[in-house]
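Worksheet: one structure, shown below.
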Amino acid sequence: MKLNDTILAQAASIAAIRRDIHAHPELCFQEVRTAEVVATQLAAWGIPMHRGMGTTGVVGIVHGRDGGACGRAVGLRADMDALPMQEFNTFAHASQHAGKMHACGHDGHTAMLLAAAQYLARHRDFDGTVYLIFQPAEEGGGGAREMIKDGLFEQFPMEAVFGMHNWPGAPVGTFAVSQGPVMASSNEFKIVIRGKGCHAALPHNGIDPVPVACQMVQAFQTIITRNKKPVDAGVISVTMIEAGEATNVVPDTCTLQGTVRTFSVEVLDMIEARMQAVAEHTCAAFGATCEFEFQRNYPPTINSAPEAAFAREVMVQIVGEQNVLEQEPTMGAEDFAYMLQARPGAYCFISNGDGAHREMGHGGGPCTLHNPSYDFNDDLTPLGATYWVELAQRWLAQPR
């Protein structure tokens with residue numbers, strides 16, 4: 001593994017910043033303190049910045065030895081927000097705010113980009129500009145979308161943008177990247193089935209919405225198995241069913257809610273249309289009616305082929321061919337997708353280890369994402385920062 005020695009020498013100080021952020025988690029669009037920590041560090045390293053983009057976002061601007069005169073630029077993105085969940089860990093840097101936790105490693109993502117920022121600002125051994133994008137509200141708020149609405153790519157024109165997420169399970173020292181879809185679109189649905197309530201002992205006097213809902217849940221799975229090409233990925237999960245208040249009463253309504261995940265907009269369009277048709281016609285067959293709502297949240301995260309190949313080359317130079325894995329697509333979602341819709345780029349995984357890095361006093365559970373016993377592995381910071389630095393320098397050194 002070829003780590004940047006200068007970055008490695010600063011690892012302890014960056015880890016302290018990371019742990020401070022971990023102890024003070026902030027939810028989406030509330031990252032006021034976190035943004036201040038980022039801004040304070042950037043200012044100390046002489047990095048000019050723009051604040052308040054996408055509500056609490058920070059964009060640092062590092063010009064190379066030419067002062068950015070060549071006009072070339074690349075963007076590196078880290079997310080800053082935490083999750084609304086209670087932390088089980090009891091180590092010294094555990095969350096100090098009940099019901100809030102850095103359970104996805106965004107504190108570590110911020111730290112890795114800060115470590116890279118420090119090196120880039122002190123050395124500036126490149127021509128062009130590196131934009132450091134510290135983004136709010138990845139966890140459901142669409143902070144990437146909001147930064148773009150506020151003019152991210154107009155104010156900071158960049159040829160490509162890159163993102164990175166820690167991934168528990170694989171050994172520290174491995175990366176994963178691939179071209180094409182790597183994370184799914186995230187969508188929600190709500191269906192209110194309206195029947196006619198009655199005494200449960202006299203069901204013929206009403207229209208029971210519960211068996212209508214049961215038929216509907218089963219029928220939705222035929223969309224996946226019979227309407228979608230088998231080679232296309234798609235998930236329909238009904239995760240909530242709400243009906244009734246008493247055991248001897250047929251309710252008036254039954255509500256279904258859940259999520260849909262796909263790797264393409266075309267498959268998503270088909271699933272939404274078929275779900276609505278199934279819902280409406282199933283209700284009609286039983287004499288009921290329904291209200292169908294379908295909300296599209298994040299689009300699929302799709303890496304452009306040249307940028308994914310470039311990122312892979314950088315990784316190979318740092319950790320070796322055998323430690324750069326094919327990125328297995330996941331049905332999780334990521335709002336970096338919005339940035340990849342606007343600019344070429346690639347989103348990669350950096351392995352977080354098996355959880356053995358956690359100190360005594362952790363919650364005892366697995367160190368997986370969105371788990372109350374999770375903690376980011378500080379051993380990743382020098383590696384992730386080295387990747388960011390090498391990526392930026394090599395990208396800007398390419399022929400235009």
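The values are calculated or read from the model by the stated rules, or taken from the named source; none is laboratory data. A quick note: this is a predicted structure, and the numbers were derived from the prediction, not measured. Note: ideal-geometry Cβ built from the backbone for every residue, glycine included; neighbour counts use all protein chains shown.
Among residues of region 199-254 being among the charged types (D, E, K, R) and touching a strand residue (DSSP E or B) at 6+ places or on another chain (Cβ under 6 Å), the one that is nearest to GLY332 (Cα to Cα) is LYS228. Taking the conditions exactly as written (farther than 22 Å from GLU139 by Cβ, in the same structural domain as ARG122 (by TED's automatic domain parsing), at pLDDT 95 or above and of a type in the set (D, E, K, R)), does ARG65 satisfy them or not? Answer is yes for this residue.
Of all residues in region 345-365, those satisfying the criterion of being touching a residue at least 40 places away in the same chain (Cβ under 8 Å) and loosely packed, with under 14 Cβ neighbours inside 10 Å are GLU359, MET360, GLY361, GLY364, GLY365.
Scanning region 220-233 for residues that are touching a helix residue (DSSP H, G or I) at 6+ places or on another chain (Cβ under 7 Å) and either charged (D, E, K, R) or not in a helix (DSSP H, G or I) (or both) turns up LYS228, ASP232. Restricting attention to region 321-375 and to residues that are in a loop (DSSP other than H, G, I, E, B) and in contact with a Lys or Arg (Cβ under 9 Å, 6 or more places away or on another chain), the residue that is nearest to PHE88 (Cα to Cα) turns out to be SER373. Residues of region 321-344 that are crowded, with 21+ Cβ neighbours inside 10 Å and polar (S, T, N, Q): GLN327 alone. Restricting the search to region 208-219, which residues are more than 13 Å from ALA243 (Cβ to Cβ) and in contact with a helix residue (DSSP H, G or I) (Cβ under 8 Å, 6 or more places away or on another chain)? The answer is GLN215, ALA219. Any residue in region 197-212 that is within 35 Å of the chain's Cα centre (by Cα) and buried (at least 16 other Cβ atoms within 10 Å of the Cβ)? No - not one qualifying residue is present in region 197-212. Scanning region 35-52 for residues that are in contact (Cβ under 8 Å) with a residue 60 or more places away in the chain, of a type outside the set (A, V, I, L, M, F, W, C) and part of a helix (DSSP H, G or I) gives a single hit, GLN41. Scanning region 339-374 for residues that are in contact with an Asp or Glu (Cβ under 9 Å, 6 or more places away or on another chain) and hydroxyl-bearing (Ser, Thr, Tyr) gives TYR347, SER373, TYR374. Cβ-Cβ contacts under 9 Å between residues 6 or more apart (or on different chains), taken from a first residue in region 1-24 that is touching a residue at least 24 places away in the same chain (Cβ under 8 Å) to a second residue that is in a helix (DSSP H, G or I) and surrounded by fewer than 17 Cβ atoms within 10 Å (Cβ to Cβ), are listed as LYS2/GLN317; THR6/ARG122; THR6/HIS123; ILE21/ARG33; HIS24/ARG33. Which residues, counting only those in region 269-301, are surrounded by fewer than 22 Cβ atoms within 10 Å (Cβ to Cβ) and in a strand (DSSP E or B)? Those that are surrounded by fewer than 22 Cβ atoms within 10 Å (Cβ to Cβ) and in a strand (DSSP E or B): THR289, GLU291, PHE292, GLU293, PHE294, GLN295, ARG296. Checking ASN248 against (1) over 28 Å from ASN371 (Cα atoms); (2) assigned by TED's automatic domain parsing to the domain that holds LEU132, which test does it fail? Single failed check for ASN248: (2).
The set of residues in region 20-29 being under 12 Å from ASP81 (Cβ atoms) and in contact with a Ser or Thr (Cβ under 7 Å, 6 or more places away or on another chain) consists of ILE21, PRO25, GLU26, PHE29.
Please tell me if GLU326 is in contact with a strand residue (DSSP E or B) (Cβ under 9 Å, 6 or more places away or on another chain), among the charged types (D, E, K, R), farther than 27 Å from ARG145 by Cβ and in the same structural domain as THR110 (by TED's automatic domain parsing).
Details: in contact with a strand residue (DSSP E or B) (Cβ under 9 Å, 6 or more places away or on another chain): yes; among the charged types (D, E, K, R): yes; farther than 27 Å from ARG145 by Cβ: yes; in the same structural domain as THR110 (by TED's automatic domain parsing): yes.
So GLU326 fits the description; yes.
Evaluated against (1) touching an Asp or Glu at 6+ places or on another chain (Cβ under 7 Å); (2) more than 30 Å from PRO203 (Cα to Cα); (3) of a type outside the set (Ser, Thr, Tyr), ASP269 falls short on exactly one condition, (1).
Within region 234-268, being part of a loop (DSSP other than H, G, I, E, B), of a type outside the set (Phe, Trp, Tyr), out of contact with any Lys or Arg (no Cβ under 8 Å at 6 or more places or on another chain) and surrounded by 14 or more Cβ atoms within 10 Å (Cβ to Cβ) holds for GLY244, PRO251, SER264.
Determine which member of the set GLN295, GLN276 is free of Cβ contacts under 8 Å to residues at least 40 places away in the same chain, out of contact with any Lys or Arg (no Cβ under 6 Å at 6 or more places or on another chain) and within 30 Å of ALA219 (Cα to Cα).
Working: GLN295 fails: free of Cβ contacts under 8 Å to residues at least 40 places away in the same chain.
The match here is GLN276.
Give region 236-254 a look and list any residue that's of a type in the set (S, T, N, Q) and more than 21 Å from GLU272 (Cα to Cα), or say none.
The answer is THR247, ASN248, THR253.
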